[in-house]
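*Asks:* Questions regarding the structure given below will be posed in turn.
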Amino acid sequence: IYDLVDKTWGKFILESSQEILCGSKETKAYIETISGKIKKKTHVLYNGIDSDKFKPAENKTALRKQLDIPNNKFICLTIRRIYLA
């Protein structure tokens with residue numbers, strides 16, 4: 001279903017966009033397979049953070065307790081979808 005959505009609605013969104021920013025070369029390569037018309041407006045902008053403002057928690061156990069996350073649970077976050085903002 002995702003492939004069908006990417007090749008129809010996703011294609012429409014991409015071709016209607018003025019500029020397209022991708023988080024990696026792999027993402028750029030993938031979305032360029034959806035439409036050959038978007039190559040000139042597709043760019044890679046690598047993800048980054050302000051390391052002065054955002055740092056790992058000093059006490060991860062206390063943070064897990066505050067967020068009610070058991071210590072034996074693994075946490076993984078990923079975001080992936082073509083998105084019209």
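*Asks:* What is the local net charge at Cys22, summed over the other residues whose Cβ is closer than 10 Å to its Cβ (Lys, Arg +1; Asp, Glu -1)?
*Replies:* 0
*Asks:* Starting from the Cα of Asp52, step 7 Å along the direction of its Cβ; do the same at Ser17; then give the gap between the two resulting points in nm.
*Replies:* 3.1
*Asks:* Considering only protein heavy atoms and a 1.4 Å probe, what is the carbon-and-sulfur percentage of the accessible area of the chain?
*Replies:* C and S fraction of accessible area: 58 percent.
*Asks:* Can you tell me the orientation of helix 25-34 relative to the chain, as the angle in degrees between its alpha-carbon axis and the longest Cα principal axis, to the nearest 10?
*Replies:* 40
*Asks:* How large is the helix-only mean residue ellipticity at 222 nm for the chain, computed as the sum of -39500 (n - 2.57) over DSSP H runs with n ≥ 4, divided by its residue count, in deg cm²/dmol to the nearest 500?
*Replies:* For the chain, the value works out to -8000 deg cm²/dmol.
*Asks:* What percent do you get for the relative contact order of the chain when only Cα pairs under 8 Å and 6+ apart count? Walk me through the numbers before you get to the answer.
*Replies:* Numbers: 49 pairs, mean separation 22.3, N = 85.
Computed over the chain, the figure is 26 percent.
*Asks:* Of (i) 26; (ii) 18; (iii) 44, which one was derived for percent of Cα pairs over 23 Å apart from the structure shown?
*Replies:* Given (i) 26; (ii) 18; (iii) 44, the structure-derived one carries the label (iii).
*Asks:* For Ala57, what is the net charge nearby, where nearby means another residue's Cβ is under 12 Å from its Cβ and Lys, Arg count +1, Asp, Glu -1?
*Replies:* Values: positive: Lys55, Lys60, Arg64, Lys65; negative: Glu58.
Residues near Ala57 contribute +3 overall.
*Asks:* For the chain, what is the accessible area per residue in Å² when the probe is 1.4 Å? Let's see the in-between values first.
*Replies:* Details: 7700 Å² over 85 residues.
Per-residue value: 91 Å².
The values are calculated or read from the model by the stated rules, or taken from the named source; none is laboratory data. This is a predicted model, so every value here is computed, not measured. Every residue, glycine as well, gets a Cβ built from its backbone with ideal geometry; the counts of neighbours run over all protein chains shown. Side chains are part of the model used for accessible areas, which takes the heavy atoms of the whole protein and leaves out ligands, DNA and RNA. Shrake-Rupley method; radii C 1.70, N 1.55, O 1.52, S 1.80 Å.
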